[in-house]
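Working notes, beginning with the structure itself.
The values are calculated or read from the model by the stated rules, or taken from the named source; none is laboratory data. Only a predicted model underlies this, so the values are computations on that prediction, with no experimental measurement involved. Reconstructed Cβ throughout: ideal geometry from the backbone, glycine too, with neighbour counts over all protein chains shown.
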Amino acid sequence: MKIYVASSWREDRQPIVVAQLREAGHDVYDFRNPEEGNHGFAWSAIDPDWMSWTSSDFVEALSHPAAEEGFRLDFCAMQWCDVCLLVCPMTPGRSSHLELGWCAGAGKFSIVLLQPGQRPELMYKMADLVTPHLSAVLATLTWPGALERPISPFGPKGEVLGADGMPFPVDAIDVDLPHVKP
């Protein structure tokens, strides 16, 4: 499956999630390395003092060639993907939430991978799956017809089911993702 991982530069779990998805055989867009030799867009490429910008400076910077190219790469990947996976940062990322919202609105299968201690967010109800477990994400993506709605990769007791429909223990395959403190 083609997966767009929406997250934040501040989210330490993002590279782990990208690696696990690729290990599972998925084609994954990584905004930190969107193409060979490109290590992703950063405002500091436009101005090292970007944190002191005024609103007008920010609006002007949106037209900078580096911002245009970073947006083009990310937005093309959003259009390309079958699935958008939001890896929730402890400090909410504005872009990642816009990315998930756009994908959900475009009819893309949308998943929210919660952070331990995640604050509640009502609009996550737009997502097809909301879970704190990477194993549930991986199981869902292997489920036959996973992109057809409604899906249920869960058994009657809430257990995660494998592609064969048999339960498998979440703890046995879950990746121990680090908890990132703000």
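Just to be sure I understand the filter: pairs with C-beta atoms under 8 Å, separated by 6 or more residues or on different chains, first member in the range 125-138 and assigned to a loop (DSSP other than H, G, I, E, B), second member of a type in the set (V, I, T) and surrounded by 18 or more Cβ atoms within 10 Å (Cβ to Cβ). Which pairs pass?
Filtered contacts from the range 125-138: A127/I111; A127/V112; D128/I111; H133/V160.
Name every residue in the range 53-75 that is exposed (fewer than 13 other Cβ atoms within 10 Å of the Cβ) and either out of contact with any helix residue (DSSP H, G or I) (no Cβ under 9 Å at 6 or more places or on another chain) or at positive phi (or both), in order of residue number.
T54, S55, S56, V59, S63, P65, E68, R72
Among the residues that make up the range 61-69, is at least one of them of a type in the set (S, T, Y) and either under 17 Å from I111 (Cα atoms) or not in a helix (DSSP H, G or I) (or both)?
There is at least one residue in the range 61-69 that is of a type in the set (S, T, Y) and either under 17 Å from I111 (Cα atoms) or not in a helix (DSSP H, G or I) (or both).
Only residues that are surrounded by 13 or more Cβ atoms within 10 Å (Cβ to Cβ) and either touching a residue at least 12 places away in the same chain (Cβ under 8 Å) or touching a Pro at 6+ places or on another chain (Cβ under 6 Å) (or both): list them for the range 28-37, please. So that I can check it myself, show each step before the final result.
Filtering the range 28-37 for residues surrounded by 13 or more Cβ atoms within 10 Å (Cβ to Cβ) gives 28-34.
Within the range 28-37, V28, Y29, D30, F31, R32, P34 qualify.
Only one residue in N33, N38 is more than 30 Å from P116 (Cβ to Cβ) and under 20 Å from the mean Cα position of the chain (by Cα). Which one? Before you say what the answer is, go through the steps one by one.
On the way: N33 fails: more than 30 Å from P116 (Cβ to Cβ).
Of the residues listed, the single one that is more than 30 Å from P116 (Cβ to Cβ) and under 20 Å from the mean Cα position of the chain (by Cα) is N38.
How many residues does the range 74-118 contain that are aliphatic (A, V, I, L, M) and without any contact (Cβ under 8 Å) to a residue 40 or more places away in the chain?
Count: 6.
Keeping to the range 10-27, report how many residues are without any contact (Cβ under 8 Å) to a residue 60 or more places away in the chain and surrounded by fewer than 21 Cβ atoms within 10 Å (Cβ to Cβ).
Count: 6.
Provide a single number: the residues in the range 82-140 that are of a type outside the set (A, V, I, L, M, F, W, C), crowded, with 17+ Cβ neighbours inside 10 Å and within 12 Å of Y4 (Cα to Cα).
Matching residues across the range 82-140 total 4.
Could you please find all residues in the range 1-37 being hydrophobic (A, V, I, L, M, F, W, C) and part of a helix (DSSP H, G or I)?
Correct list: I16, V17, V18, A19, L21.
Examine the range 98-110 for a residue that is assigned to a loop (DSSP other than H, G, I, E, B) and either over 19 Å from the mean Cα position of the chain (by Cα) or modelled with pLDDT under 80 (or both), and state whether such a residue exists.
Within the range 98-110 (the criterion being assigned to a loop (DSSP other than H, G, I, E, B) and either over 19 Å from the mean Cα position of the chain (by Cα) or modelled with pLDDT under 80 (or both)), the answer is no, since none of the residues qualifies.
Yes/no per residue for (1) over 21 Å from K108 (Cα atoms); (2) among the basic types (K, R):
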{"site": "K2", "(1), (2)": "no, yes"}
{"site": "A6", "(1), (2)": "no, no"}
{"site": "R13", "(1), (2)": "yes, yes"}
{"site": "I16", "(1), (2)": "yes, no"}
{"site": "A19", "(1), (2)": "yes, no"}
{"site": "G25", "(1), (2)": "no, no"}
{"site": "D30", "(1), (2)": "no, no"}
{"site": "N33", "(1), (2)": "yes, no"}
{"site": "H39", "(1), (2)": "yes, no"}
